[in-house]
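The values are calculated or read from the model by the stated rules, or taken from the named source; none is laboratory data. In this text the structure is predicted, and so the values were computed from the model without any measurement. Note: ideal-geometry Cβ built from the backbone for every residue, glycine included; neighbour counts use all protein chains shown.
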Amino acid sequence: MARVEYENVSKRFPTQDRAAIDDFTLDVADGELLVLLGPSGCGKTTALRMLAGLEHPDSGDIRIDGKSVVGLEPKDRDVALVFQSYALYPHMSAKDNIRYPLRVKHMNEAERERRVGQVAEMLSLTALLERRPARLSGGEQQRVALARAIVRQPRVFLMDEPLSNLDAKLRTHTRTELKALQRQLGTTTVFVTHDQAEAMTLADRIAVMDRGRLLQLGTPDDLYLRPVNLFVAQFIGSPPMNILAAEVRDGALLAEGTWRLPLPRGIAAKSVSVGIRPEGIELDESSPDAQVGEVLVSEPLGSETIVDVKVGGALVKVRAAPQVRPDPGTRVHLRVDPSAIRLFDTASGSAIA
Amino acid sequence: MVVARNSAYLIGLTPAALLLSLFFVGPALWAAYSSLTNLALVGIDAANPRFIGLDNYARLFSDPDFWQVIRNSVTFVVGSAVIGQFGLGLGLALLIDHAERRRWWFATVAYAAVLLAWVNPTLIAGFLWVAMYDFFFGSLNHVFLSALGLPPVDWLGSFPMPAVIVANVWRGTAFTMIIFLGALKTIPPDIYEAARIDGAGTWRRFWDHTIPSLRPIVALTLLSITMSTFGTFIVIQALTNGGPGIATEVIALYAFDSAFKSFSIGYGSAIAAVMLALNLVFAVVYLRWSRARA
Amino acid sequence: MTPRAETTVARTVAAPRGASWLETIAVHAVFALVVVFFLAPFVWLFTAAFDGRAQAYIRLPEQPTVDIFVRIFTEHDFARALGNSVLVAGATMLLDVVAVSLAGYSLSRLDLRFKSWITYAVLLLQTMPLSATMVPIYGLAQALGLRNSYLGLILIHAAIELPFLIWLMKGFFDGVPRYLEEAAWLDGRSKLRALIEIVLPVARNGIGVVAGLSFLAAWSEVLMMIILIDKQDLKTVPLAFYEVLRTRGGYTEVQYGLIAAMGVLYAVPVMAIFFATRRMMVRGLIATSRGL
């Protein structure tokens with residue numbers, strides 16, 4: 001259990017033009033599951049590896065429980081890392097893999113056996129302990145890697161996209177198990193992923209990163225409902241938020257030239273980007289001031305339908321009830337929930353309202 | 001800070017670095033140094049070692065024997081490495097590759113025979129050929145020639161250079177053969193299929209496809225065996241010891257004899273220094289070419 | 001295209017053109033010559049070793065005997081020579097494995113700008129001919145008191161093979177992913193322990209090649225033996241050979257039987273080891289010519 005702090009951490013790799021991490025500041029609370037989320041190259045893995053001691057910051061400080069760890073070797077930091085490739089030792093059985101971190105600690109053999117057995121039990125590995133990694137499936141290997149991290153009872157868990165190599169079904173299943181496990185153990189965890197759905201499911205808080213910078217730190221709700229800029233708005237949520245170019249005219253928003261939308265109060269800007277999530281738009285045939293659009297295609301998902309609608313020159317995605325499946329070419333009416341409208345400055349991307 | 005991070009690795013290099021400095025770098029530098037002295041183990045100079053500048057080199061380059069030695073070395077390298085090992089190795093590789101495509105198992109026997117000659121210790125190679133060439137009772141004279149009804153030939157006396165070249169070719173051909181076989185195997189067979197469909201005969205296919213595929217590796221291999229043949233010593237010493245006279249005295253043997261027969265360490269070092277300098281030139285060219293290829 | 005035409009085309013492409021009998025005979029004749037040329041000396045070696053009245057030419061022994069083998073052990077102290085050779089080659093192998101593992105790993109993981117310079121320098125050293133450095137090494141060994149000592153022999157033989165073996169091992173280590181040792185570090189190991197417990201076991205094929213090559217090279221090495229040893233009790237097999245030569249009359253009288261017997265014992269281990277590891281060795285050799 002520990003707090004983690006990054007303070008103004010920067011790093012540039014000699015072979016690259018821009019900084020891998022730029023002035024990164026972040027606090028992780030004790031027992032929290034914090035997700036570092038972003039596209040590849042955004043610096044999330046570098047940040048994680050710096051916490052593990054596998055990379056070194058050019059400037060800034062990294063602290064665990066208030067004490068700086070920057071000068072410490074990985075073996076002295078008391079953190080565990082689950083690698084994307086699992087990094088299981090191929091010449092050892094699963095059991096020896098799990099037992100490996102314990103062999104340098106002061107405890108008698110019986111105690112080690114007990115701990116290994118306990119963790120194996122926790123992750124349903126007991127029957128597989130004698131096997132070598134080559135004879136384990138991807139999901140089983142992943143659990144052994146996890147077991148090896150847990151058995152040490154470290155201060156912090158670090159996870160570098162541990163689920164990326166699993167097939168989709170196993171990934172979603174393991175995701176929820178992981179969250180339950182972390183709750184149960186209560187260990188501070190920093191989790192790296194590029195998958196926004198994964199982040200939303202797992203995280204207590206998410207830190208969205210792009211090109212070495214921290215863009216927004218907040219709970220999943222914060223990020224979903226109040227994104228701080230266009231990047232975050234479009235990165236989080238699936239299907240992504242609809243973004244429309246708009247002008248402020250006569251006290252209203254005119255999106256894509258023809259769509260009139262209510263204008264939130266106190267906006268001075270002239271041209272903005274309007275963001276509306278698919279669930280913020282309704283197919284409503286009854287409303288008089290509804291915008292007209294033409295259906296391009298309907299994507300039935302079983303639990304709901306995503307309808308792609310052409311409005312003027314833009315394409316918006318609309319969430320509809322599962323039985324609503326208009327054919328391509330159908331003319332439909334769209335109504336927007338005013339509270340779902342987000343405004344962004346087109347040039348900088350920052351949120352305005 | 002960069003050094004600190006790498007400190008463990010730099011330490012890990014020290015045992016090897018120590019050995020290499022002591023037995024490679026050190027000797028090379030020492031050879032350069034002592035070639036400028038009159039160091040000797042016996043004789044007047046031994047009691048009075050002093051720095052004599054480039055005298056050794058002056059004596060070396062004005063000594064007609066030295067130039068004979070250089071000529072011998074060149075002849076030996078051209079005969080053994082270029083024509084023999086390279087030519088025979090390439091020819092065998094092509095033949096074996098061709099035979100393997102036809103699934104003739106005899107090719108494997110030939111391959112193994114060539115390999116056997118190469119794998120064995122050098123000294124064995126030397127003595128095996130001492131036995132072969134022996135005038136009265138060597139296999140060549142006593143078995144093969146007499147079977148053909150021909151009189152015995154004094155191989156080592158009358159044809160020392162060819163004799164030594166043949167022995168060295170016997171020993172070293174496997175190296176080039178393996179390299180070329182490896183290269184030939186990387187040529188995808190589809191190329192030959194396509195060529196054959198296009199109506200190309202065997203010779204044409206060889207010329208237009210096999211040769212170009214081998215070209216990159218030819219220069220490197222040639223340079224490589226030139227360098228190693230240049231330093232050959234044991235086989236020649238065992239067979240002729242440089243003789244008769246200095247007919248087969250190559251530069252490696254010359255350095256050895258100067259240092260350990262005549263006990264002139266300084267002079268021997270000068271010869272060694274010349275060898276190292278020549279070798280350095282070859283080596284730099286070799287490394288440049290192979291990096292360019294990579 | 002009609003089905004019949006398709007199969008005709010398929011058949012032409014798939015089957016190789018049959019060889020003419022002329023070609024077959026010619027190629028096999030060449031192979032026969034090659035085999036005779038390369039194997040003849042060995043035929044002599046193995047027949048003469050068991051021939052009580054061995055000559056320099058190939059002949060079948062009238063009465064095959066192992067007498068010569070007995071003689072080389074009783075009269076010529078070959079056991080000592082053999083033992084010394086095994087000792088020196090074995091110790092060289094061990095020293096090389098340690099030095100090369102450390103150096104190869106360090107070179108592989110080094111993160112310095114002049115790393116490529118080091119690799120370049122190592123390769124450059126490898127090309128230095130022993131016959132050039134033998135004179136200064138003699139002087140050095142003399143000065144350091146390494147002549148006529150096991151230590152000297154072992155150190156020098158280990159050093160000789162280093163450049164090539166380091167380069168080879170570095171290549172093997174480059175193929176071991178770093179996350180394995182990183183995981184070991186996080187599991188509480190120092191870099192050295194991680195190397196020994198995790199990386200080396202994964203790279204054990206490379207270690208095997210290095211050990212094999214090192215042993216074979218030290219076993220076959222002659223030049224340094226001549227230069228460094230002149231005391232009886234340290235003699236190794238090559239020196240035993242030269243000793244037999246020395247018992248000459250006026251003309252070079254080589255005792256061929258003895259040479260053959262010693263040769264058999266000297267050469268057979270090499271052939272055995274190489275035969276057992278041939279695939280690995282050939283692959284390694286091809287790799288050296290390609291990837292620099």
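Output yes when any residue across segment A:285-294 is under 33 Å from the mean Cα position of the chain (by Cα) and in a loop (DSSP other than H, G, I, E, B), and no when none is. The answer is no; no qualifying residue exists. Considering segment B:7-49, the residues that are of a type in the set (A, V, I, L, M) and part of a loop (DSSP other than H, G, I, E, B) include one that is modelled with the highest pLDDT, namely B:36. Looking at segment C:122-203, the helices (runs of 4 or more DSSP H) lying wholly inside it that each contain 2 or more residues that are at pLDDT 90 or above and farther than 21 Å from residue B:16 by Cβ sit at C:178-186. Take the conditions modelled with pLDDT under 85 and either surrounded by fewer than 16 Cβ atoms within 10 Å (Cβ to Cβ) or assigned to a helix (DSSP H, G or I) (or both) and apply them to residue C:59. Does it pass? No; evaluated as a whole, the condition is false for this residue. Out of the residues in segment B:162-216 meeting the condition of being among the hydroxyl-bearing types (Ser, Thr, Tyr) and at pLDDT 75 or above, tell me which one is nearest to residue B:79 (Cα to Cα). If we take residues in segment B:162-216 being among the hydroxyl-bearing types (Ser, Thr, Tyr) and at pLDDT 75 or above, then B:173 is nearest to residue B:79 (Cα to Cα).
Residue count for segment C:28-67 under the criterion of being of a type in the set (Gly, Ala, Ser) and without any contact (Cβ under 8 Å) to a residue 40 or more places away in the chain: the result is 3. Within segment A:88-119, which residues are part of a helix (DSSP H, G or I) and in contact (Cβ under 8 Å) with a residue 40 or more places away in the chain? A:94, A:97, A:98, A:99, A:100, A:101, A:102 - these are the residues of segment A:88-119 that are part of a helix (DSSP H, G or I) and in contact (Cβ under 8 Å) with a residue 40 or more places away in the chain.
Scanning segment B:108-121 for residues that are at the interface with chain C (Cβ under 7 Å from one of its Cβ atoms) and either over 18 Å from residue C:58 (Cβ atoms) or part of a helix (DSSP H, G or I) (or both) yields B:109, B:110, B:113, B:114, B:116, B:117, B:119, B:121.
Checked against (1) of a type outside the set (Lys, Arg); (2) part of a helix (DSSP H, G or I); (3) in contact (Cβ under 8 Å) with a residue 24 or more places away in the chain, residue A:206 meets all criteria but (2).
To keep it simple, each residue is scored yes or no on (1) farther than 14 Å from residue C:183 by Cα; (2) touching a Leu at 6+ places or on another chain (Cβ under 9 Å).
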| residue | (1), (2) |
| --- | --- |
| A:95 | yes, yes |
| A:100 | no, no |
| A:107 | yes, no |
| A:115 | yes, yes |
| A:120 | yes, yes |
| A:124 | yes, no |
| A:129 | yes, no |
| A:150 | no, yes |
| A:153 | yes, yes |
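Residues that are of a type outside the set (A, V, I, L, M) and not in a loop (DSSP other than H, G, I, E, B) were ranked within segment A:264-281; the one that is farthest from residue A:339 (Cα to Cα) is A:271. Answer yes if at least one residue in segment C:138-145 is without any contact (Cβ under 8 Å) to a residue 60 or more places away in the chain, more than 10 Å from chain B (Cβ to nearest Cβ) and crowded, with 21+ Cβ neighbours inside 10 Å, and no otherwise. No, there is no match, as no residue in segment C:138-145 is without any contact (Cβ under 8 Å) to a residue 60 or more places away in the chain, more than 10 Å from chain B (Cβ to nearest Cβ) and crowded, with 21+ Cβ neighbours inside 10 Å. Please indicate, with yes or no, whether at least one residue in segment A:53-72 is out of contact with any strand residue (DSSP E or B) (no Cβ under 9 Å at 6 or more places or on another chain), part of a helix (DSSP H, G or I) and without any contact (Cβ under 8 Å) to a residue 12 or more places away in the chain. No; the residues of segment A:53-72 include none that is out of contact with any strand residue (DSSP E or B) (no Cβ under 9 Å at 6 or more places or on another chain), part of a helix (DSSP H, G or I) and without any contact (Cβ under 8 Å) to a residue 12 or more places away in the chain. Summed over segment B:265-289, the residues that are surrounded by fewer than 24 Cβ atoms within 10 Å (Cβ to Cβ) and polar (S, T, N, Q) give a count of 1. Of all the numbered requirements in (1) within 14 Å of chain C (Cβ to nearest Cβ); (2) surrounded by 20 or more Cβ atoms within 10 Å (Cβ to Cβ), residue A:143 misses one, and that requirement is (1). In the set (1) touching a residue at least 40 places away in the same chain (Cβ under 8 Å); (2) in contact with a Leu (Cβ under 8 Å, 6 or more places away or on another chain), residue B:75 fails one condition alone, (2). Screening the candidates B:3, B:82 for the property of being assigned to a helix (DSSP H, G or I) and surrounded by 12 or more Cβ atoms within 10 Å (Cβ to Cβ) yields one hit, B:82. Are any residues in segment C:156-203 within 7 Å of another protein chain (Cβ to nearest Cβ) and acidic (Asp, Glu), and if so, which ones? Matches in segment C:156-203: C:182, C:187. The residue that is surrounded by the most Cβ atoms within 10 Å (Cβ to Cβ), counting only those in segment A:65-116 that are under 26 Å from residue A:44 (Cβ atoms) and among the acidic types (Asp, Glu), is A:78. For segment C:35-88, the candidate set comprises residues that are within 9 Å of chain B (Cβ to nearest Cβ) and among the β-branched types (Val, Ile, Thr); within that set, the residue that is nearest to residue B:115 (Cα to Cα) is C:35.
Being in a helix (DSSP H, G or I) and either away from chain C (no Cβ under 11 Å) or within 29 Å of residue B:127 (Cβ to Cβ) (or both) is a condition met by no residue of segment B:241-249. Considered as a group, the residues in segment C:225-238 that are more than 10 Å from chain B (Cβ to nearest Cβ) and assigned to a helix (DSSP H, G or I) include one that is surrounded by the fewest Cβ atoms within 10 Å (Cβ to Cβ), and that residue is C:233. Restricting A:158, A:178, A:230, A:215 to those that are over 25 Å from residue A:32 (Cα atoms) and either assigned by TED's automatic domain parsing to the domain that holds residue A:112 or not basic (Lys, Arg) (or both) reduces the list to A:230. When B:31, B:99, B:47, B:8 are checked against the criterion of being more than 14 Å from every other protein chain (Cβ to nearest Cβ) and either without any contact (Cβ under 8 Å) to a residue 40 or more places away in the chain or within 29 Å of residue C:118 (Cα to Cα) (or both), B:47 stands alone in meeting it. Just one of the numbered conditions (1) without any contact (Cβ under 8 Å) to a residue 12 or more places away in the chain; (2) out of contact with any Gly (no Cβ under 7 Å at 6 or more places or on another chain); (3) at the interface with chain C (Cβ under 8 Å from one of its Cβ atoms) is not true of residue B:124: (2). The number of residues in segment C:95-122 that are in contact with a Ser or Thr (Cβ under 9 Å, 6 or more places away or on another chain) and either of a type outside the set (Gly, Ala, Ser) or more than 7 Å from every other protein chain (Cβ to nearest Cβ) (or both) comes to 6. Taking segment A:304-341 as the range and being β-branched (Val, Ile, Thr), modelled with pLDDT under 90 and not in a loop (DSSP other than H, G, I, E, B) as the test, the residues that pass are A:311, A:332, A:336.
Considering only residues in segment A:18-54 that are in contact with a helix residue (DSSP H, G or I) (Cβ under 9 Å, 6 or more places away or on another chain) and farther than 13 Å from residue A:190 by Cβ, the one that is nearest to the other protein chains (Cβ to nearest Cβ) turns out to be A:54.
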